[in-house]
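First up is the structure itself, then whatever we jot down about it.
Every number here is computed from the coordinates shown, using simple stated rules; none is lab data. Everything numeric in this text was worked out from a predicted model, so none of it was measured. For neighbour counting, all protein chains shown are included, and Cβ atoms are generated from backbone atoms with ideal geometry for every residue, glycine included.
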Amino acid sequence: MMDITAYLQRIDYHGPLAPTAETLRALHLAHLLAAPFENLDIHPGRPIILDEKRLFHKIVERRRGGFCYELNGLFAALLRELGFDVTLLSARVYDNGDFGPEFDHLVLLVQLEERWLADVGFGDSFREPLRLDEPGDQIQDGCVYGIAQDGTDWTMLERGEEGICDGYKFTLQPRRLADFADMCHYQQTSPDSHFTQRRICSRATPEGRITLSDMKLIVTARGDRRERLLDSQEEYAAILREHFGIDLSLPPGP
């Protein structure tokens with residue numbers, strides 16, 4: 001059994017728990033505000049293993065974040081504990097006009113009176129779940145998202161002034177967390193993986209987003225974006241502690 005109370009404390013959630021669309025939206029936003037999208041275990045070579053107990057220890061007990069397999073994998077477990085009908089889906093991430101390989105990304109289908117696409121592991125993306133069967137644009141915080149179906153394929157795309165800027169292709173075939181193990185290993189070990197090429201730690205804030213991209217600090221608040229380069233690894237560690245609650249000097253645990 002998952003310690004639901006500890007998980008809810010971790011994401012600072014104090015709202016209703018009934019399996020409704022309102023609860024799903026509130027939990028989704030709370031998760032993004034609390035648990036950062038980050039790959040900080042990859043660079044020192046700490047293996048990421050897709051086991052729910054390990055993910056709970058890392059994200060809840062150690063107050064860390066993770067990438068999609070970790071964040072969405074554990075969020076799915078929380079939702080199930082609360083009585084939601086959740087399915088893990090494999091997605092292929094949009095990149096330079098094409099889509100990546102199968103299991104490139106893990107995203108969640110939540111079945112209520114309507115079907116919802118939930119995703120707390122895609123970095124700077126939609127803050128509340130998207131309606132899967134909505135044919136029109138879904139606008140959040142000035143960003144335009146659209147979901148389209150073509151046979152068994154579905155696409156979620158974010159569009160900006162210059163066209164498509166992010167998204168992924170997926171099917172509704174149910175998956176298990178273990179199905180993502182091979183791609184999870186690739187993402188954390190291959191020199192071709194984005195995650196091995198630079199350190200990233202990024203979290204939504206009520207006003208926008210705060211991100212550490214290697215030694216660059218990026219703060220966006222109400223549309224105003226500011227960047228600066230950090231002077232030292234000591235300053236980097238201090239930013240992690242202050243803005244993300246992460247202390248990498250602590251032992252990783254099991």
Calculated from backbone phi, Karplus (6.51, -1.76, 1.60) coupling profile of the range 165-173 in Hz, x at Gly/Pro: 10, 5, x, 6, 10, 8, 10, 9, 5
Just the Kirkwood number for the chain, please: inverse of mean 1/r across all distinct Cα pairs, in Å, one decimal. 18.7
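Give a quick list of GluC sites (Glu not before Pro) in the range 72-146 that DSSP marks as loop, anything other than H, G, I, E or B, with at most 14 other Cβ atoms within 10 Å.
Those that pass, being in a loop and sparsely packed, are E113, E114.
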Given springs between every Cα pair under 10 Å in a Gaussian network model of the chain, which of Q149, Q233, Q188 has the largest fluctuation? Q233
For the chain, with a Gaussian network of springs between Cα atoms less than 10 Å apart, report the residue from D124, D182, D166 with the top mean-square fluctuation. D182
At most 10 other Cβ atoms within 10 Å and a DSSP loop assignment: could you name the GluC sites (Glu not before Pro) in the range 136-179 that fit? E161, E162
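Full extension from L230 to E22: what is 0.36 nm times the residue separation minus their Cα-Cα distance, to one decimal in nm?
70.9 nm
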Quick note, the range 126-254: a/c under 1.5 would make it rounded; otherwise a/b > b/c is prolate and the rest oblate (a ≥ b ≥ c, C-alpha gyration tensor); here it is oblate
Radius ratio Rg over Rh of the range 9-107, counting only Cα atoms, Kirkwood formula for Rh: 0.98
Peptide ranges 57-68, 6-17 listed from the most packed, as the mean C-beta count within 10 angstrom indicates: 57-68, 6-17
Can you tell me which lysines have their Cα less than 28 Å from the Cα of K169? Leave out same-chain residues fewer than eight positions away. none
Scoring the range 1-102 by relative contact order with C-alpha pairs under 8 Å, at least six apart, yields a percentage of 25
Sequence-separation-based contact order of the chain, relative, with Cα cut under 8 Å and 6+ spacing, percent: 18
Using a 10 angstrom cutoff on alpha carbons, build the Gaussian network for the chain and name the most mobile of D214, D98, D85. D98
Contact order relative to length for the range 158-222, counting C-alpha pairs under 8 Å separated by 6 or more residues, stands in percent at 15
